[in-house]
Amino acid sequence: MVLVFFSLFVFFLHPSPTKGEDFSGINNNAGNNRSRSLATNCNWFRGKWVYDPSYPLYDPFKCPFIDAEFDCRKYGRPDSTYLKYRWQPFSCTLPRFNGVYFLRKWRGKKIMFVGDSLSLNQFQSLTCMIQAWVPNSQISYIKRDGLTSVSFLEYDVKILLYRTPYLVDVVNEGFGSVLKLDSIRGGDAWKGMDMLIFNTWHWWTHTGTSQPFDYIEDGGKTWKDMNRMIAYYKGLTTWARWVNRNVDPFKTKVFFQGISPTHYEGKDWNQPTQSCTGQTQPFFGMRYPAGTPMAWVVVKKVLSRIKKPVYLLDVTGLSQYRKDAHPAAYSGLHSGTDCSHWCLPGLPDTWNHILYAALFS
C-alpha cells in the first residue's frame, strides 16, 4: 500500500503546476479536439477582479431560490462591497449575461447540476440570474430529497440539481455504510440531459463524525480508510468511465466545475492569524500564495484521459482570490464560520457567467 501511494503521489506531482502558478484554464483533453468546440481563443480563467458599481446581477430579496445558508444579506452581513466585484479576463471581455437569450437558446432542454452543496450554490446562482431577466415568467419550483428542479414554463427549460457528494455511491450494507469507489448506480438519473455540470471534492476531505461512511470499497476489497487523494482519483476515474459509456456528445454537453477553494486558514494568503471572517476585500496579488491545490491536479489528470468532450470550468484560481465572498457567520444554516460556501449574489454568479460565455461565444 505504501508503494502504491508513493507511485500515485509522484504521478500526481510530476509534472504539476508549481507553487503560486497562475491557472491557465486550458481545456485540452488529450486526443480530443471536440472538447475545444466550446472554447474560444480567450482564456476566461486568467484575469483580475475589478470594482463594478452596476453589480450584483440580481436582487437576492427578489429571488425565491436562495437557501438560508447562502443568503448573507438576509442574515445580517453588514458590508456590501463584496457584491460589486466583476471578473475581468486579461485577454478579452466576458459577454454580457442575458437570461432571455439563455432561455431561448435552450428552449425545450434539460440542464442538470450533479454534485454536492457547491453544485447547489451554482444551481441557485444560475436560476437567480435567469429569473432576474424574466421576473414575471411562470415558474415551477420543486424541492425533494436529493433532487430539486426549477422550470421556466414559458420556455420549457428545466434546471435540476441532483445531490450526490461523491458522484460515486455510498451504500448502507449490513456491517455499515460503504463508499464504493467503483460504483455509480445513481447515474441512471443523469441520462437524457442536454447539459450536465458535475462537481465533487469537499466531502472527500471529511473525516470522523463528519464523514457519511464507515468503510471504503474498491475492486471487491474493503478498507476502514485510505489516502483520500487516492480515493478521490479512483472515484473520479469511475465517473470518467461513466461519461465515456453513457454520454452522447452530439446530444449532451458536459462540464466539470473546478475545485472550489476554502478560506479557513489565512496563511494561504499570507495572513496566518485570519480566516474568511471579517474579510471585505479580495486578494489582489498576481499569484495566490497557497498555490495549486492537489485536488486540481487530480482533476486535470482524469480529464486529460477522458475520451468524451468535457469542458473544465477552471474556477479554482479566480475563486482563491475571493476570500471576502463566503457567508462566514452570516448564514441561516451553519452555526459556526462557513468559509467553504459562497454568498448569493456572489462568486458563483461568475462561474455561471463563464459557463454562459463557453456556451454562446
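Scanning region 187-225 for residues that are part of a helix (DSSP H, G or I) and either under 20 Å from Val299 (Cβ atoms) or charged (D, E, K, R) (or both) returns Gly187, Asp188, Trp190, His202, Trp203, Trp204, Thr205.
Return the residues of region 340-357 that are part of a helix (DSSP H, G or I) and within 15 Å of the chain's Cα centre (by Cα); say none if nothing qualifies.
Our first condition is that a residue be part of a helix (DSSP H, G or I); within region 340-357, this holds for 347-357.
Within region 340-357, Leu347, Pro348, Asp349, Thr350, Trp351, Asn352, His353, Ile354, Leu355, Tyr356 qualify.
Figure legend. Inter-residue proximity from region 94-114: first residues touching a residue at least 40 places away in the same chain (Cβ under 8 Å) and over 17 Å from Val254 (Cα atoms), second residues of a type in the set (Phe, Trp, Tyr) and in a strand (DSSP E or B), beta-carbon distance below 6 Å, spacing 6+ or different chains. Indicated pairs: Leu103/Phe152.
Return the residue satisfying two criteria in turn: it lies in region 329-357 and is at pLDDT below 95 and either among the hydroxyl-bearing types (Ser, Thr, Tyr) or surrounded by 24 or more Cβ atoms within 10 Å (Cβ to Cβ) (or both), and of such residues it is farthest from Trp44 (Cα to Cα). Per the criteria, the residue is Ser335.
Considering region 203-215 alone, what residues qualify as being in contact with a Ser or Thr (Cβ under 6 Å, 6 or more places away or on another chain) and either aromatic (Phe, Trp, Tyr) or under 23 Å from Pro293 (Cβ atoms) (or both)? Lay out the reasoning, then the answer.
Just the residues of region 203-215 that are in contact with a Ser or Thr (Cβ under 6 Å, 6 or more places away or on another chain), to begin with: 213-215.
Within region 203-215, Phe213, Tyr215 qualify.
Confirm whether Ile139 is closer than 25 Å to Ser361 by Cα and either among the aliphatic types (A, V, I, L, M) or modelled with pLDDT under 95 (or both). No, not satisfied.
Could you say whether any residue in region 166-176 is within 30 Å of Lys105 (Cα to Cα) and in a strand (DSSP E or B)? Lay out the reasoning, then the answer.
Of all residues in region 166-176, those within 30 Å of Lys105 (Cα to Cα) come to 167.
Among the residues that remain, those that are also in a strand (DSSP E or B) are: none.
No, region 166-176 contains no residue that is within 30 Å of Lys105 (Cα to Cα) and in a strand (DSSP E or B).
Set side by side, the residues Ile216, Ile197 differ, and just one is over 19 Å from the mean Cα position of the chain (by Cα) and among the hydrophobic types (A, V, I, L, M, F, W, C), which is Ile216. Inspect region 15-37 for any residue being out of contact with any Lys or Arg (no Cβ under 6 Å at 6 or more places or on another chain), at pLDDT below 95, surrounded by 14 or more Cβ atoms within 10 Å (Cβ to Cβ) and of a type in the set (Phe, Trp, Tyr) and give the result as yes or no. Yes, there is a match, as at least one residue in region 15-37 is out of contact with any Lys or Arg (no Cβ under 6 Å at 6 or more places or on another chain), at pLDDT below 95, surrounded by 14 or more Cβ atoms within 10 Å (Cβ to Cβ) and of a type in the set (Phe, Trp, Tyr). In region 85-124, which residue that is out of contact with any strand residue (DSSP E or B) (no Cβ under 7 Å at 6 or more places or on another chain) and of a type in the set (Val, Ile, Thr) is modelled with the lowest pLDDT? Top of the filtered list is Thr93.
Conditions (1) hydrophobic (A, V, I, L, M, F, W, C); (2) under 30 Å from Asp338 (Cα atoms), marked per residue:
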{"position": "Arg163", "(1), (2)": "no, yes"}
{"position": "Leu167", "(1), (2)": "yes, yes"}
{"position": "Ser183", "(1), (2)": "no, no"}
{"position": "Met193", "(1), (2)": "yes, no"}
{"position": "Thr205", "(1), (2)": "no, yes"}
{"position": "Lys221", "(1), (2)": "no, no"}
{"position": "Tyr233", "(1), (2)": "no, yes"}
{"position": "Trp239", "(1), (2)": "yes, yes"}
{"position": "Asp248", "(1), (2)": "no, no"}
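In the set (1) without any contact (Cβ under 8 Å) to a residue 40 or more places away in the chain; (2) closer than 30 Å to Asn352 by Cα, the condition left unmet by Val171 is number (2). In the condition set (1) touching an Asp or Glu at 6+ places or on another chain (Cβ under 9 Å); (2) farther than 28 Å from Val243 by Cβ; (3) polar (S, T, N, Q), Gln131 is compliant with all but (1).
Among the residues of region 84-100 satisfying the criterion of being hydrophobic (A, V, I, L, M, F, W, C) and under 18 Å from Val315 (Cα atoms), which is surrounded by the most Cβ atoms within 10 Å (Cβ to Cβ)? Before you say what the answer is, go through the steps one by one.
The initial filter retains those residues of region 84-100 that are hydrophobic (A, V, I, L, M, F, W, C), namely 87, 90, 92, 94, 97, 100.
From what's left, under 18 Å from Val315 (Cα atoms): 87, 90, 92, 94, 97.
On the way: Trp87: 23, Phe90: 11, Cys92: 15, Leu94: 18, Phe97: 21.
Here the residue is Trp87.
The values are calculated or read from the model by the stated rules, or taken from the named source; none is laboratory data. Treat the numbers as computed from the prediction; the structure is a model and nothing was measured. With ideal geometry, Cβ positions are generated from the backbone for all residues, glycine too; neighbour counts draw on all protein chains shown.
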